[in-house]
Amino acid sequence: MGGPLEELHDRHQFRPHPDALLHLRRGGLGTVSRRQRLSFVHESKSRRFLVSRRSFFGGIAGLSLSGCVSRAQSDDSFRLRSRPGKNSSTLAPGVHPLGIRAERDAILYIPTSLKTDQPSPLLVYVHGAGGPRQSEKERMTKAADEHAFILLSPSSEGATWDAIRGEYGADVRVIDKALARTFSACRIDPRRIALSGFSDGATYALGLGLSNSDFFKSVLAFSPGFIPAGSKVNGSPRIFISHGTNDNILPIDSCSRRLVPQLKREGWAVTYREFEGPHTVPPNVLTEAMEWFLAS
C-alpha cells in the first residue's frame, strides 16, 4: 500500500516561530496579540517561502471565544448548515465525484462493505497541506472498506485550508455543499458523523470540528499543530488526537503536548495516543482511531 502517511504532507519542513508557541492564560487557551504575526518557514528542495498567520490559537471549550473572531469575519462563517435527511437508500458502492468544482472536487466513497439496511456512519476527511495525495486516498478508502463507513473527501481551494491561511470562508462553503449532496444521496446516521484530518488537515479538523461540534459527534486529529483563530465552540464532541514523538514537521512538544492537556483541563473527552515515530499515522493508530469513531 505504499509508504507511511508522512507522504501525505506537502513535504516542506515546518518550524513554528519560537515566539508563536502556545500561549496559556487563566481560564483556557489564549491567542497571541492581534499585532503579533506568526511566521511559518517552509523549506523544500526548490524553494523557501514565508506564510504569515495572525495568531496561533483561536480558543477552546469553556471560553467566551467571541474575541477570537476577527472583525472582518462573521460569527457564523465557520458554521455548517447541512443536516442528514430521511433517505431510505444510499448510492451504489464506488467513487462518486460530487460536481461542486471542475478541479479539486469533493469525492464521496461508498465501500462495498457498507450495511445498507441501516443508516451509515460518515467520516469527513480533510487532507494535509498541498492537497489530497494518492497515498492518502488509498489509505482512507482502505479504512472505509475495512470499517464500513461512508467517506467524504473535500479539497481546499488553496494550498491549504482557509482558516489556516487566514479566515474561515470558501472552504467551509464547499464542505457544506458536499455534505448537502451527500445527505441527498445517502442514508446517514446523525449520531455517527465525524471530522478527521492529518497535519494541516488535523489542525483544520480541530477548529472546524469544535466550531460545529453540535453536528460532528467525533473529531479525529492526526498530528495537529494548533486550533485556528476564529474557532468558536458549539457542543461537546469526543476528540481523538495522535502524534509522533519524533515529528520534525509539527514538533510534539510545541503542539499536541501543549494542546491535549489544556483540552482535558477544559473538560473535553480526549483520547490521546503518542507513538514513537515521525510525522505520520501508523496503521495501528489509524485502526484504533476508526474503531474509536465507530464505537460512538
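All of the numbers you see were taken from the coordinates with simple rules; none came from a lab. The shown structure was predicted, so the numbers you read here are calculated from the model rather than taken from an experiment. Glycine gets a Cβ as well: all are built from the backbone with ideal geometry, and neighbour counts include every protein chain shown.
For residue 232, which lysines qualify as cross-link partners when the Cα separation must be under 25 Å and same-chain residues fewer than eight apart are set aside? Answer for residue 232, where 25 Å is the Cα cut-off: 177, 217, 264, listed by chain and number. Expressed in units of 2.2 N^0.38 Å, where N is the residue count, the Cα radius of gyration of region 231-279 is 1.22. Applying the Karplus relation 6.51 cos²θ - 1.76 cosθ + 1.60 with θ = phi - 60° to region 117-127 yields 3J(HN,Hα) values of 8, 8, x, 9, x, 10, 10, 9, 10, 9, 6 Hz, where x marks Gly and Pro. Across region 288-294, computed HN-Hα scalar couplings (Karplus, 6.51 cos²θ - 1.76 cosθ + 1.60, θ = phi - 60°) run 4, 5, 5, 5, 4, 4, 6 Hz from first to last residue, x flagging Gly and Pro.
Full extension of the segment from residue 291 to residue 86, taken as 0.36 nm per residue of separation minus the current Cα-Cα distance, would add 71.2 nm. For GluC sites (Glu not before Pro), the sites in region 202-296 that DSSP calls loop and that have at most 10 other Cβ atoms within 10 Å are 276. What FRET efficiency would be calculated for the residue pair residue 142, residue 271, taking the C-beta separation as r and a Förster radius of 22 Å, to the nearest 0.05? Here the calculated transfer efficiency is 0.50.
Under 5 Å from the amide H of residue 214 lie the amide H atoms of 234, each residue being 5 or more positions distant or on a separate chain, with H modelled from the backbone and absent for Pro and chain starts. Sequentially through region 198-206, phi angles give Karplus couplings (6.51, -1.76, 1.60; θ = phi - 60°) of 10, 6, 4, x, 5, 4, 5, 4, 5 Hz, Gly and Pro residues having no value and appearing as x. Under 5 Å from the amide H of residue 240 lie the amide H atoms of 219, 220, 221, 271, each residue being 5 or more positions distant or on a separate chain, with H modelled from the backbone and absent for Pro and chain starts. With r defined as the distance between the Cβ atoms of residue 104 and residue 176 and R0 fixed at 22 Å, what FRET efficiency is calculated, to the nearest 0.05? Between residue 104 and residue 176 the formula returns 0.90.
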